[in-house]
Amino acid sequence: MATKFWIVDTFSRKAFGGNPSAVFLLDDFGDEKLLQNVAMEIKTPETIFIKNLQDGKFESRFFSPNSAGLNLGNGLFAAAEIIKLNDPKITNFSIVHGAEVFVVNVLEDKSVRIRFQTAKLNKASVPPNIASALNREIVVSISESEGDLIVEMRSPKKLFKLSPNMDILQNIGYTSFILTADTHYEVGVNYDFCARVFAPKLGFFADTMSPLAYVKLASYWSERMQKTDLVGTQDPVNGEHVSIGCSQEFTYLIGTSVITTIGEMLAF
């Protein structure tokens, strides 16, 4: 039986921007090996399968092409886009992933706001090979959060020109590397910070947009800047950005997405 799916470009206002995620609406999840095979076939960074539990709750399963799990978070925003597509009247609902519950609000401009638990940061020592991996660019500060390394660099311009050494990063003991810089010192930039995310251990060797990384960046920059409302960007040239609201308990991300593809998976 054919199963319908959508590909959604998250954190973008135009097609082929942001990050693509595939979304399936299912009556039942069935065999997880089959779900993994589907994700391998589609090859978007994240494929999310959602099941309507009624009463505004949707259960979810996440897969990258190579593994199961919620690694990036783009699928949450992609799923929200498809949920509101299929029920235009819905404005408040939640996406359940294991023990985690992500509260979703559809805003007046049709963008989506999702509530995350605020990330906890820890001090981190400088990994011995990080300078070589980052072409010896100047590092201002380093923190860690749940297995990810946050590296603040001095120059936003150099951050966007940087080509990290993936072989070295892959052998440093962190799941992903969140590279970031303060943008207030650059003329014509209207964002608080910029970021690039690399996760070679998860198979993401290119610069990848990750809402889960931005939740950690929210904790980092809100403390550094003493602000609770922030705007971050991973693509300042095209004006793509993430609006952020922080509190001690919750962090809210706001993003816009575009549906680019509707298809059918025949092997489901």
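Residues in the range 99-133 that are in contact (Cβ under 8 Å) with a residue 60 or more places away in the chain and within 22 Å of Glu146 (Cα to Cα): Ile114, Arg115, Phe116, Gln117, Thr118, Ala119, Lys120, Leu121. Residues that are touching a residue at least 40 places away in the same chain (Cβ under 8 Å), surrounded by 15 or more Cβ atoms within 10 Å (Cβ to Cβ) and closer than 28 Å to Lys110 by Cα within the range 14-41 comprise Gly17, Gly18, Asn19, Pro20, Ser21, Ala22, Val23, Phe24, Leu25, listed in sequence order. Answer yes if at least one residue in the range 168-184 is free of Cβ contacts under 8 Å to residues at least 60 places away in the same chain, outside the structural domain of Phe102 (by TED's automatic domain parsing), more than 17 Å from Ala131 (Cα to Cα) and hydrophobic (A, V, I, L, M, F, W, C), and no otherwise. Checked the range 168-184: no residue is free of Cβ contacts under 8 Å to residues at least 60 places away in the same chain, outside the structural domain of Phe102 (by TED's automatic domain parsing), more than 17 Å from Ala131 (Cα to Cα) and hydrophobic (A, V, I, L, M, F, W, C). Look at (1) touching a helix residue (DSSP H, G or I) at 6+ places or on another chain (Cβ under 7 Å); (2) of a type in the set (Ser, Thr, Tyr); (3) without any contact (Cβ under 8 Å) to a residue 60 or more places away in the chain and you find that Ser243 fails only one, number (1).
Based on this model, can you work out whether Thr10 counts as in contact (Cβ under 8 Å) with a residue 12 or more places away in the chain and over 21 Å from the mean Cα position of the chain (by Cα)? Against the criterion (in contact (Cβ under 8 Å) with a residue 12 or more places away in the chain and over 21 Å from the mean Cα position of the chain (by Cα)), Thr10 does not qualify.
If you go through the range 247-264 and keep only what is in contact with a strand residue (DSSP E or B) (Cβ under 7 Å, 6 or more places away or on another chain) and within 24 Å of Leu121 (Cα to Cα), you end up with Phe250, Thr251, Tyr252, Leu253, Ile254, Gly255.
Could you please find all residues in the range 1-51 being of a type in the set (S, T, N, Q), in contact with a Phe, Trp or Tyr (Cβ under 8 Å, 6 or more places away or on another chain) and closer than 17 Å to Ser210 by Cα? Hits for the range 1-51 are Thr10, Asn19, Ser21, Thr47.
Here's the yes/no breakdown for (1) at pLDDT below 90; (2) crowded, with 19+ Cβ neighbours inside 10 Å:
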position: Ser125; (1), (2): yes, no
position: Gly147; (1), (2): no, no
position: Met153; (1), (2): no, yes
position: Ile178; (1), (2): no, yes
position: Asp182; (1), (2): no, yes
position: Tyr185; (1), (2): yes, no
position: Asp192; (1), (2): no, yes
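Among the candidates Asp229, Asp182, Asp207, Asp192, the residue that is out of contact with any Phe, Trp or Tyr (no Cβ under 7 Å at 6 or more places or on another chain) and either within 26 Å of Ser111 (Cβ to Cβ) or basic (Lys, Arg) (or both) is uniquely Asp229.
Looking across the range 43-68, the residues that are in contact with a Pro (Cβ under 9 Å, 6 or more places away or on another chain) and in contact (Cβ under 8 Å) with a residue 40 or more places away in the chain come down to Pro45, Ser64, Pro65.
If you go through the range 64-104 and pick out every residue that is hydrophobic (A, V, I, L, M, F, W, C), surrounded by 18 or more Cβ atoms within 10 Å (Cβ to Cβ) and at pLDDT 95 or above, you end up with 11. Just one of the numbered conditions (1) assigned to a helix (DSSP H, G or I); (2) touching a Phe, Trp or Tyr at 6+ places or on another chain (Cβ under 7 Å); (3) among the polar types (S, T, N, Q) is not true of Ser132: (2). In the range 78-98, the residues that are free of Cβ contacts under 8 Å to residues at least 24 places away in the same chain reach residues that are hydrophobic (A, V, I, L, M, F, W, C) with C-beta atoms within less than 8 angstrom, at least six apart or across chains, in these pairs: Thr91/Val106.
The values are calculated or read from the model by the stated rules, or taken from the named source; none is laboratory data. The structure displayed is predicted, hence computed values, not measured ones. Virtual Cβ from ideal backbone geometry, glycine too; neighbours counted across all protein chains shown.
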